[in-house]
Amino acid sequence: MKNIISRNCRKFKMPILALSFALIYINVFLTLPMLFLSSEDDVSGLTGYTSQFLIYSIFSLTVFAAFSVLIYKICWRLFREYTVVIVCIIAAITIVNTIAEWPSYGVLDNFVFSEAVTVSAKGAVFDLIKIVTVSLIVLYALYARPNLVVVGLIVCSLSALIFFGVSVKTFEDKVSNTYAKDTSDIEPIAYSRKSKNIVVFVMDGAMSGYIPYIFDSHPKFHSQYDGFTLYPNAVSTGDRTINTMAAVFGGHEYTVSNINERSSGSLLEKVSEAYEVLPSNFLKRGYRVTYLDPFWYGFKRRGDCPRIIKTLGMACINFIDSVGRQKANSVLDASFSERVFPSIYQQYIALSIFKSSPSIAKPLIYSDRDWLGFSAQWKKKQDKYLMNYMALDSLSEYSSIDEGEGTLTFIVNNITRATVLSDSNCMPDNTLQPDHFDLEKFKDRETVEILVTTKCALFAYGKYLDWFKKNDIYDNSEFYIVSDHGWKSFNPAFEGEEHQHEKSKYQSLMMIKNVGEKGKLKEDNDFIVNADLPALVCRSIDGCESFISDSKIRPLAVGEKVKLHSTPWNPAGQDEMRFELNSVHEVERNIFDKDNWRISND
């Protein structure tokens, strides 16, 4: 190796070494972290992050440059010409790993993968082959055409910088379009004093299994939820918001299987169509219809309100990213961004190192979800929780009453997908420990957090119900509380079940209060699907016309099996025309009878 360097690379040694270090820095500490961030669907609360990122980058560049000089001073003397070869190989490997596909570790949510980060024997062998191959190519290039190595390093560095610039632009565009800074022009959510009001609360990721325990532990809920019926035997047709919302808003014709069977139209068009079924039918009957945050309509995380306003001429408000965001900012102290931004920067650097490293090193870097000690997980959950909680808590401030026509209002919120421990006022507090009794009953901290967050969601909803009572419109209002899907947990509804976590993902929350209903929370064990919701809501207008068939939309037929679909969580994970399926389960009649389930991985 010494001869390779001394004869062919003598005049290129320093440029190659300097450019290799530069490429490593640009790729790992600039481009990849910003590329990951710009790919996020939810960038709320990150206004001003770009300028902070550049400040952090100057600091990291100083540290990296000092480290590079140290390597040069120490290793150059010890290994001499070997140093340039090693650094050049490392730069090449980081580029190859950056371009290469990730092995699948499941969904990355709050910087935690849903599956264990492991490397199989086959994967380790493939990884070693990749490292050896890259090393041999670099060695040959250094020997035969060192001038081209210099050119290649310059091209790669400039390309990475271009990607960095594009990522910054993409991120800034997302931040500027995420939420309205001024909420003064938000149109009030209108309800009728004389005609019927139908309100549909969609609680992302909630499950019925926690409700009985919460109501028994907090008797006040029984009076707040006067006249409600809980349907514990409720199931969801999917395990992700993106694959279930269409069915929740459009009915069984918009389950994953039925959408995939339709050959005409893109997936975006077919999913978005589902959100228009009920508004279209109710608008024709003279109802005022309002959407608050129709998640994934138009394949926008909070919902493409301008699109639905233009299409149907109805009210649509991105409430979480406007009111929720501003209220959360008022609750958080002024140093919130100063505390959160460094953690987010460190977290994305850790993710970047993870991405650009060989697979055999990934389990060590991931370090049992510790991510090198740089955890922004709780801080991001805190921010997400507060945005959603404050949105719910502020509903009455943005509501009004008149003597007009009936109303149909959809209020979507994902507080129960940002589970935290909170104090008696439902303010998140990372210093809290789970209640000993709750921890003993619900097995782990994560499940207790689901319990506590579900309780706070019900508390915020309950305050809104109190507003209806105070304004004498509770009795002429019909309420539906439904979830798009459940979440893996020690859901008490499936206690002792072999597939407790898997079945929990498909248990839906379903609570209904009809006009004139009174009394303490009741339970009804009828088998119900969250895709039945549109048919139930449409009873008020004697049924809704389908967009697809000549008949009216219908609930599940008696004895019919329900397919439960698992797909990637975001639009990017789907085919242009159809959902990508990870698995399909089936259940019928009674979700608590294990003989009624067919788990596809049995």
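Just a few scattered comments:
For (1) open to solvent by 10 Å² or more (accessible area, probe 1.4 Å); (2) touching a strand residue (DSSP E or B) at 6+ places or on another chain (Cβ under 7 Å); (3) under 23 Å from residue 537 (Cβ atoms), each residue gets a yes or a no:
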| position | (1), (2), (3) |
| --- | --- |
| 193 | yes, yes, yes |
| 200 | no, yes, yes |
| 220 | yes, no, no |
| 223 | yes, no, no |
| 228 | no, yes, yes |
| 231 | yes, yes, yes |
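- Residue among 439, 458 that alone is in a helix (DSSP H, G or I) and either touching a residue at least 60 places away in the same chain (Cβ under 8 Å) or open to solvent by less than 20 Å² (accessible area, probe 1.4 Å) (or both): 458
- Pick from the range 370-401, criterion under 18 Å from the mean Cα position of the chain (by Cα) and of a type in the set (D, E, K, R), ranking: nearest to residue 199 (Cα to Cα): 384
- Residue within the range 560-573 that is open to solvent by less than 10 Å² (accessible area, probe 1.4 Å) and basic (Lys, Arg) present: no
- Residues in the range 77-105 that are of a type in the set (Phe, Trp, Tyr) and either closer than 18 Å to residue 350 by Cα or at pLDDT 80 or above (or both): 2 in all.
- Unmet criterion (only one of (1) open to solvent by 30 Å² or more (accessible area, probe 1.4 Å); (2) assigned to a loop (DSSP other than H, G, I, E, B); (3) out of contact with any His (no Cβ under 6 Å at 6 or more places or on another chain)) for residue 579: (1)
- For the range 269-291, the set of residues classified as of a type in the set (Asp, Glu) and free of Cβ contacts under 8 Å to residues at least 60 places away in the same chain consists of 269 only.
- Qualifying residue in the range 266-275 (condition: of a type in the set (Phe, Trp, Tyr), modelled with pLDDT of 95 or more, assigned to a helix (DSSP H, G or I) and under 20 Å from residue 570 (Cβ atoms)): yes
- Verdict on residue 483 being over 28 Å from the mean Cα position of the chain (by Cα), crowded, with 18+ Cβ neighbours inside 10 Å, modelled with pLDDT of 95 or more and small (Gly, Ala, Ser): no
- Residue pairs meeting the criteria (Cβ under 7 Å; at least 6 apart or on separate chains; first farther than 14 Å from residue 296 by Cα and hydrophobic (A, V, I, L, M, F, W, C), in the range 567-589; second open to solvent by 30 Å² or more (accessible area, probe 1.4 Å) and modelled with pLDDT of 95 or more): 584/563
- Neighbours by Cβ (under 6 Å, 6+ apart or cross-chain): first from the range 184-197, touching a residue at least 40 places away in the same chain (Cβ under 8 Å) and polar (S, T, N, Q); second open to solvent by 20 Å² or more (accessible area, probe 1.4 Å) and part of a loop (DSSP other than H, G, I, E, B): 192/404; 195/405
- Residue satisfying all of: in the range 409-436; in contact (Cβ under 8 Å) with a residue 60 or more places away in the chain and assigned to a helix (DSSP H, G or I); surrounded by the most Cβ atoms within 10 Å (Cβ to Cβ) among these: 415
- Test: residue in the range 496-514 that is assigned to a strand (DSSP E or B) and open to solvent by 40 Å² or more (accessible area, probe 1.4 Å): no
- Residue within the range 552-563 that is more than 30 Å from residue 222 (Cβ to Cβ), aliphatic (A, V, I, L, M) and touching a Gly at 6+ places or on another chain (Cβ under 6 Å) present: yes
- Tally of residues being assigned to a helix (DSSP H, G or I), open to solvent by less than 30 Å² (accessible area, probe 1.4 Å) and touching a residue at least 60 places away in the same chain (Cβ under 8 Å) across the range 352-385: 10
- Tally of residues being open to solvent by 50 Å² or more (accessible area, probe 1.4 Å), in a helix (DSSP H, G or I) and within 19 Å of residue 408 (Cβ to Cβ) across the range 311-328: 1
- The single condition among (1) within 27 Å of the chain's Cα centre (by Cα); (2) under 23 Å from residue 448 (Cα atoms) that residue 496 does not satisfy is (1).
The values are calculated or read from the model by the stated rules, or taken from the named source; none is laboratory data. The shown structure was predicted, so the numbers you read here are calculated from the model rather than taken from an experiment. Positions of Cβ are backbone-derived with ideal geometry, glycine not excepted, and every protein chain shown enters the neighbour counts. When the accessible area is computed, the model is the full protein with side chains, heavy atoms only, and any ligands, DNA or RNA have been set aside. Shrake-Rupley method; radii C 1.70, N 1.55, O 1.52, S 1.80 Å.
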